[in-house]
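These notes concern the structure reproduced below.
The values are calculated or read from the model by the stated rules, or taken from the named source; none is laboratory data. Keep in mind it's a predicted model, so treat the numbers as computed, not measured. Reconstructed Cβ throughout: ideal geometry from the backbone, glycine too, with neighbour counts over all protein chains shown.
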Amino acid sequence: VIEQSYSTIFSSIKKVLQSQQLDRSLKSGFVLAGGGAKIKGCDMLMLSCVTVRTKLGCINVDKITTKKLQFEDSLKDPAYACALGLLLFEPNESDFNFRGKQTNKQT
């Protein structure tokens, strides 16, 4: 059931990319993050559906701190990759409008 649902999602992604002619511009491929990315074989299933390089997103803890952390293994979990990435990336709020879209202001 899960595999079929994931296949449907990944195939939909491929269709959208093709319709926007973006399927060939993804040179680095996809990074899967979040708890759903931990499903065994998820990355290989996406690769087979979209035929674009796919990998699991994991945090490089050394880029966060030089100290040894008790919960370091938890930070490497793909389930936290997106949330930690958002915490580490702190854009200037004035560069985004209220819907989160980047403005085109000149600096």
*Pick out the one residue from Ser11, Ser25 that is small (Gly, Ala, Ser), out of contact with any helix residue (DSSP H, G or I) (no Cβ under 8 Å at 6 or more places or on another chain) and loosely packed, with under 14 Cβ neighbours inside 10 Å.*
Ser25
*For the stretch 44-76, what are the residues that are over 15 Å from the mean Cα position of the chain (by Cα) and of a type in the set (Gly, Ala, Ser)?*
Ser48, Ser74
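Quick check on the stretch 75-107: of everything there that is over 15 Å from Ala37 (Cα atoms) and among the hydroxyl-bearing types (Ser, Thr, Tyr), which residue is modelled with the highest pLDDT?
Applying the filter and picking the extreme gives Thr103.
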*Conditions: (1) modelled with pLDDT under 80; (2) in a helix (DSSP H, G or I); (3) surrounded by 13 or more Cβ atoms within 10 Å (Cβ to Cβ). Cys49 meets all but one. Number of the miss?*
(1)
